[in-house]
């Protein structure tokens, strides 16, 4: 990612109550007065950080990613990262994926002191206030939780923080008698792309500086599963999870670890129940869980690999629009959002953190009919779901379902990324940017980026050196270290 690319605001983890949080009593007071004596972006004491956070709780500042709260303490966005930015007296509201730029990761949750932050840079951040006891099993934190709620002081269990992928950080300008540990050199984000060719699976990485690695044959490292028919990948921290439909029709799973080593492919059927005639798989991570949808026998099914490595059974989530031919999943505001092509029409549904499903909505009714669809992809950026559809003519269209439920109409992409005919598409949120890959009718793999400002890069072909055979499946995901 180039230095001048905007980063989208990451979102508060929906369903924080599911983490075992206990909400403290909120007291309302008179309008805020300036707290403490620190200067903007200057050194700040722990007691002042906590006092500034408590000030928002006292005012019951409501959560919003679009509104800014202004008082004598400054003006900050009213979301989770805005609260931390305000408490640290920063010059602007950062986001969950950039707060670590001005802080240092601690070795353990046990190293936390009041005023430090606990951050999952993909989802949510909270400000640490202390432990409830000497065993460090329950943390007291300040947070802006999610829409409909206000700044609050709550308890999080240690186990929920660990399972949710949260890490401890200390603001570099905190006045502290204890020296900070050496700051780790960031590795950055990578776009992980898998493509099939000649029945095999190949993998490459696009680093944050825009360079690509050479393609490697996944099956030479993870095991031969025969003629691969469909593939999907998703990142969980520095690991890339890959799913592939083998020549025997079974769905296999492997992990490429951050050190580049691969696990062996494993058939997930014994844990999830075997599906017949699988034609499409898609995957995304939410916290430490890997969510997967599969198109099989014209129906749509959902499962998840939990953070502990166990799988849920596949459940039928087919919409009532005709035979399903394509599907894609995204993490949006901590919820799973699914788009599918059924009877040539694109449909959309949401799986809440609780596990309940919304009804299916017709995306063409909401964003415009662009003709029969042959493939679809979705990725979440902030509270929005960005969707790309390839119709039967090979044209590509982009639309957005905003966090408030309204839609930006589908618009053809050719004027902004260049003209080509495509038959397959995959998309992912990679460090706040929307990245998409296409398979063209002349068998190229094209890549483009839509940054936080809404600007698109012209689509450019990925060099396929070492990838043999024709390509009919592609997937993109993101990892960070």
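Looking at this structure, is residue 92 farther than 24 Å from residue 137 by Cα, crowded, with 19+ Cβ neighbours inside 10 Å and within 24 Å of the chain's Cα centre (by Cα)?
Working: farther than 24 Å from residue 137 by Cα: yes; crowded, with 19+ Cβ neighbours inside 10 Å: no; within 24 Å of the chain's Cα centre (by Cα): yes.
Against the criterion (farther than 24 Å from residue 137 by Cα, crowded, with 19+ Cβ neighbours inside 10 Å and within 24 Å of the chain's Cα centre (by Cα)), residue 92 does not qualify.
Conditions (1) farther than 16 Å from residue 205 by Cα; (2) without any contact (Cβ under 8 Å) to a residue 24 or more places away in the chain; (3) surrounded by 18 or more Cβ atoms within 10 Å (Cβ to Cβ); (4) touching a strand residue (DSSP E or B) at 6+ places or on another chain (Cβ under 9 Å), marked per residue:
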residue	(1), (2), (3), (4)
403	yes, no, no, yes
419	yes, yes, no, no
422	yes, no, yes, yes
430	no, no, yes, yes
436	no, no, yes, yes
441	yes, no, no, yes
Report summary line: Scanning region 230-249 for residues that are outside any strand (DSSP E or B) and either crowded, with 22+ Cβ neighbours inside 10 Å or modelled with pLDDT of 95 or more (or both) gives 246
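The values are calculated or read from the model by the stated rules, or taken from the named source; none is laboratory data. Please read all numbers here as calculations on a predicted model, not as lab measurements. In this analysis, Cβ positions are derived from the backbone assuming ideal geometry, glycine residues included, and neighbour counts consider all displayed protein chains.
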